[in-house]
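Report on the following structure.
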Amino acid sequence: MSRGIRRQGREMAVKVLFSLADHEGGSLEYVLGEFWKNFQFRNDVLGDAVEDDSSPQRPEVRHFAELLVSGVAENLESLDREIKSYSTNWALDRMPRVDLAILRLAAYELIYCLDVPHNVVINEAIELSKRFGTEESPSFINGVLDHLAKQHRAASS
């Protein structure tokens, strides 16, 4: 069964956010351009690069991923402050890069995408951490995001 557009978009966004750390001097447009140019993915097996261009990423997935990445990039400083305040005993530069990418994405959705229910945001982040993170990632990410959601979504819960 095919994963939904939003799930695929979030997965792509995490990959782009992860790669941003390697291109700190490059603009967001440059990083996105390089990412889409250099990676083609099968619709059913995210992450397996394909040699031909016959199965490019679906445009709606790419669009959603770019919306998320742009939102994170525009609000990076405030998102990092929020994450740092809820990740006690963890400096951002000491976190696994993939966990930080997932946290940034989910924090952006919790704070700025109020149309997405907070439990959906947290569940999606946990699923991403199971797929891309370490064994400890899901519980760590859940803890940080739970505190963040309580602070930012208290009125809507």
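Where a number appears in this text, it was derived from the coordinates with a stated rule and is not lab data. Being a predicted model, the structure only gives us computed values, none of them experimental. Neighbour counts run over all protein chains shown; Cβ positions are idealised from the backbone, glycine included.
General observations
- Inter-label distance, Asp93 to Cys113: 3.0 nm, where each label sits 7 Å from its Cα along the C-beta direction.
- Whole-number D in µm²/s for the range 75-157 (Stokes-Einstein; Kirkwood sum over Cα pairs; 20 °C, 1.002 mPa s): 172 µm²/s
- Full extension of the segment from Val120 to Ile5, taken as 0.36 nm per residue of separation minus the current Cα-Cα distance, would add 40.0 nm.
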